[in-house]
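Comments concern the structure below.
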Amino acid sequence: MQYSEKIKTLAAQAEVALAPHFARIDRIAFENTGRVMDLFREFRVSDSMFGSTSGYGYDDRGRDTLDAIWARVMGAEAAFVRQQIVSGTQALTIGLFGILRPGDIMLSVAGKPYDTLEEVIGIAGEDGNGSLKDFGVEYRQIELNDAGTFDYPAIEAAIRDALPRLKMIFVQRSKGYLNRRTLTVGEIGELCAFAKKLAPDAYVVVDNCYGEFTEEQEPCAVGADMVIGSLIKNPGGGMAETGGYIAGTKRAVELASYRLTSVGCGAEVGASMGQNKIMYKGLFYAPHTVAQALKSAHLVAYIFEKLGCRVEPSWDEPRSDIIQTVITGSEQGLCAFCRGIQAGSPVDSFVTPEPWDMPGYTSPVIMAAGAFTQGSSIEISADGPLRPPYTAYFQGGLTYESAKIGILAAAQQMLDAQ
């Protein structure tokens, strides 16, 4: 890869300025790695747990032990982790349909959820496809306030208005495809305490995608009833090739497990089919891999802020997810950014990404994804919908060094396109 002197100089300046932030990230990774390893020792993880089961998968010791470890890692009472879950969207669908019933109200308190959930909820798409709306679940929404935090007066009014039918208070931790702050675990904990005083029987459910291991706690440790995520994002550590998880209270996880398989069977069935080993290994790698992605996000923020783009978060802000936004301001700029990331990726670097109508999205999307695992967001990738202000959503980086190559390529592409 060839870079101009301007780009090389920016990269050198960035790494000097970012040194204290990188040290903070390393401290968090060390603490989270220690937590994972302590649990591996406590549950006596051994080679015998990596064996495969088939059929119903009864008495899969490796699967059941991984579920128990996952619950503890997430600060939860129970959990299940399954390679049969094909995406974060499906994991969320399992959780939503597991808890919600006809006549219930689902209240989102962090604005609109991620694009792919719109049809699941029924706020987009055709009627009759099997959305929550089709099953008589009512959806309501509260925006974050101007400071990007929870609007507590509006939330209180909405909760009181929804009782007694309020069943779920939904929080999307990450920004998704919105230009907003990512919520911290501390903020989510405050929301949980506030909501439980008003609606003690409602479930607080957190879309945890992109946030795992960026802090030293997860939302269940501060009061959330359920957290949901994908293994080809943070917690798979770049090793898991598919899968998802749900963790939370025993009852919430039980209800979700009945939607995963069937009522009465729940998480007691489901053959591991030889996938246990890579899920254990992915969890082992996850804190370190997330640290690499966080460092990469800081580098993106520094370089593109200096190149005149608006970025969120800023390069010197701590992170609660791995997503970095770069507001390019034009279709040309967004496409140039993604072309650079693709050119600097380890897989399909020769491919030129083009916008297309992706299933589940309401606008054409351009996506750079030169990953070993298709759709893996913990590997270096960038994407964005072709709509103003033409924001690129960067995430991932299995290693900081390889991500740096892609980031510098993206910067060069944008400079050349000007």
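Only a single criterion out of (1) modelled with pLDDT of 95 or more; (2) among the hydroxyl-bearing types (S, T, Y); (3) surrounded by fewer than 19 Cβ atoms within 10 Å (Cβ to Cβ) is not satisfied by S363, namely (1). The one condition from (1) under 20 Å from Y58 (Cβ atoms); (2) buried (at least 21 other Cβ atoms within 10 Å of the Cβ) that S262 does not meet is (2). Taken together, the residues in segment 301-342 that are surrounded by 23 or more Cβ atoms within 10 Å (Cβ to Cβ), hydrophobic (A, V, I, L, M, F, W, C) and closer than 16 Å to P20 by Cα amount to 1. Every test in (1) over 11 Å from S272 (Cα atoms); (2) more than 20 Å from the chain's Cα centre (by Cα); (3) part of a loop (DSSP other than H, G, I, E, B) is passed by G75 save one, and that test is (2).
Of everything in segment 36-76 that's in the same structural domain as V185 (by TED's automatic domain parsing) and of a type in the set (D, E, K, R), which residue is modelled with the lowest pLDDT? The residue in question is D59.
Does G111 fit the bill of being surrounded by 14 or more Cβ atoms within 10 Å (Cβ to Cβ), on the phi > 0 side of the Ramachandran plot and touching a residue at least 24 places away in the same chain (Cβ under 8 Å)?
On the way: surrounded by 14 or more Cβ atoms within 10 Å (Cβ to Cβ): yes; on the phi > 0 side of the Ramachandran plot: yes; touching a residue at least 24 places away in the same chain (Cβ under 8 Å): yes.
Judged against the criteria, G111 is a match.
What is the one condition in (1) more than 21 Å from the chain's Cα centre (by Cα); (2) in a helix (DSSP H, G or I) that S272 does not satisfy? Checking S272 against (1) more than 21 Å from the chain's Cα centre (by Cα); (2) in a helix (DSSP H, G or I), the one that fails is (2). Within segment 343-358, the only residue that satisfies the criterion of being surrounded by fewer than 21 Cβ atoms within 10 Å (Cβ to Cβ) and under 20 Å from Y210 (Cβ atoms) is M358. Screening segment 18-60 for residues that are buried (at least 16 other Cβ atoms within 10 Å of the Cβ) and of a type in the set (G, A, S) and picking the one that is nearest to K295 (Cα to Cα) gives A29. Please note which strands (runs of 3 or more DSSP E) are completely contained in segment 299-418 and include at least 3 residues that are in contact with a helix residue (DSSP H, G or I) (Cβ under 9 Å, 6 or more places away or on another chain) and aliphatic (A, V, I, L, M). Output list reads 365-368.
Per-residue answers, yes or no, for (1) surrounded by fewer than 16 Cβ atoms within 10 Å (Cβ to Cβ); (2) farther than 17 Å from M226 by Cβ:
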residue	(1), (2)
Y152	yes, yes
I155	no, yes
K167	no, no
S174	no, no
V205	no, no
N208	no, no
G211	no, no
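Just a yes or no: is a residue in segment 93-106 hydrophobic (A, V, I, L, M, F, W, C) and within 19 Å of the chain's Cα centre (by Cα)? Among the residues of segment 93-106, at least one is hydrophobic (A, V, I, L, M, F, W, C) and within 19 Å of the chain's Cα centre (by Cα), which makes the answer yes.
The set of residues in segment 190-224 that are of a type in the set (S, T, N, Q) and under 12 Å from G248 (Cβ atoms) contains only N208. Kindly check whether there is at least one residue in segment 177-184 that is aliphatic (A, V, I, L, M) and in contact (Cβ under 8 Å) with a residue 60 or more places away in the chain. For segment 177-184, residues aliphatic (A, V, I, L, M) and in contact (Cβ under 8 Å) with a residue 60 or more places away in the chain: present.
The values are calculated or read from the model by the stated rules, or taken from the named source; none is laboratory data. Computed from a predicted model, the values in this text were never measured in an experiment. Cβ atoms come from the backbone with ideal geometry, glycine included; neighbour counts cover every protein chain shown.
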